[in-house]
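Colleague: Sending over a structure as structure tokens; questions will come in a sec.
Please treat every number below as a calculation from the coordinates, not as lab data. Note that the structure is a prediction, hence the values are computed from the model and not measured. Don't worry about glycine lacking a Cβ; one is built from the backbone with ideal geometry, like all the others, and counts go over all protein chains shown.
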Amino acid sequence: MATGVLLVSAVLVACGEGGPHVPAGLVRTPAPYVGALSLPESTAGGADFAFRAEPGHLLLLYFGYTACPDICPTTLADLRSALRRLGETGASRVEVAFATIDPGRDTDPVMTAYIRAFFADGHGLRTDDPDRLFEATYPLGVSYDVWTNADGYVEVMHSAWVYVIDDQGLLQLMWPFGTAPDDIAADLEYLLGSWTMPESRVPGVGIAVWT
């Protein structure tokens, strides 16, 4: 499988009571509102799942596919490790949702088994409607494609960002693939505590991996 690298981001400095905090990923200012976006939840009988955290919580949203050999399972494992670093109290305020961009193979039972292998209360999101998937991904900047090659094998490419959404439906942060669990945990602790939208920009580089 060919892998390319797209350099596309910048980081921002956020200041709170504990002093300067530099997020590990990309902060977009002003924070985009994505709370009106949604997808059906396979882990809840197809009920509509809005891209908005519960009050006082954060939602970590990732788009991928269950047959992914490396990027997707590594990302979910890193998120799981980061939540363990937060402890039970902190982790209880963070929800994780995994949305498939390969619904033809990722049926509801497959999605449920996959996300629950990483998070007991994780949300699996899928739709068979390509237009609805596009409507849910385009505002976030998610890129993906699924096709069958000349040899009959299914090929998939997708961007690999984790989207951090607050209880107002605002996209507060985006982590690129490879962000360390320690850095993820530090960002979550800050966001759950005294996050304020930053005003100064510090150039940096983030990575979106296509598989």
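Colleague: Could you please give the count of residues in region 165-179 that are closer than 14 Å to Gly56 by Cα and part of a loop (DSSP other than H, G, I, E, B)?
Modeller: Number satisfying all stated conditions: 4.
Colleague: Next question, about the same structure. Looking for whichever is of a type outside the set (D, E, K, R), assigned to a strand (DSSP E or B) and closer than 24 Å to Val27 by Cβ here; the options are Ala99, Ala136, Ala185. Which one fits?
Modeller: Numbers: Ala136 fails: assigned to a strand (DSSP E or B); Ala185 fails: assigned to a strand (DSSP E or B).
Within the list Ala99, Ala136, Ala185, the selection yields Ala99.
Colleague: Kindly provide the set of residues from region 102-125 that are part of a loop (DSSP other than H, G, I, E, B), under 22 Å from Glu155 (Cα atoms) and of a type in the set (Asp, Glu), ordered by number. Before the answer, list the steps.
Modeller: Initial filter on region 102-125 (part of a loop (DSSP other than H, G, I, E, B)): 102-107, 119-122.
Okay, now just the ones that are also under 22 Å from Glu155 (Cα atoms), so 102-107.
Residues satisfying the conditions are Asp102, Asp106.
Colleague: Out of all the residues in region 135-154, which are free of Cβ contacts under 8 Å to residues at least 24 places away in the same chain and surrounded by 13 or more Cβ atoms within 10 Å (Cβ to Cβ)? Lay out the reasoning, then the answer.
Modeller: Within region 135-154, the first condition is being free of Cβ contacts under 8 Å to residues at least 24 places away in the same chain, and the residues that meet it are 138, 141, 145, 147-153.
Gly141, the sole residue that qualifies.
Colleague: Listed residues Gly35, Gly87; which is without any contact (Cβ under 8 Å) to a residue 40 or more places away in the chain and either assigned to a loop (DSSP other than H, G, I, E, B) or exposed (fewer than 15 other Cβ atoms within 10 Å of the Cβ) (or both)?
Modeller: Result of the check over Gly35, Gly87: Gly87.
The rows are residues; the columns are (1) buried (at least 21 other Cβ atoms within 10 Å of the Cβ); (2) part of a strand (DSSP E or B); (3) without any contact (Cβ under 8 Å) to a residue 60 or more places away in the chain.
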{"residue": "Thr29", "(1), (2), (3)": "no, no, no"}
{"residue": "Leu59", "(1), (2), (3)": "yes, yes, no"}
{"residue": "Thr66", "(1), (2), (3)": "no, no, yes"}
{"residue": "Leu76", "(1), (2), (3)": "yes, no, yes"}
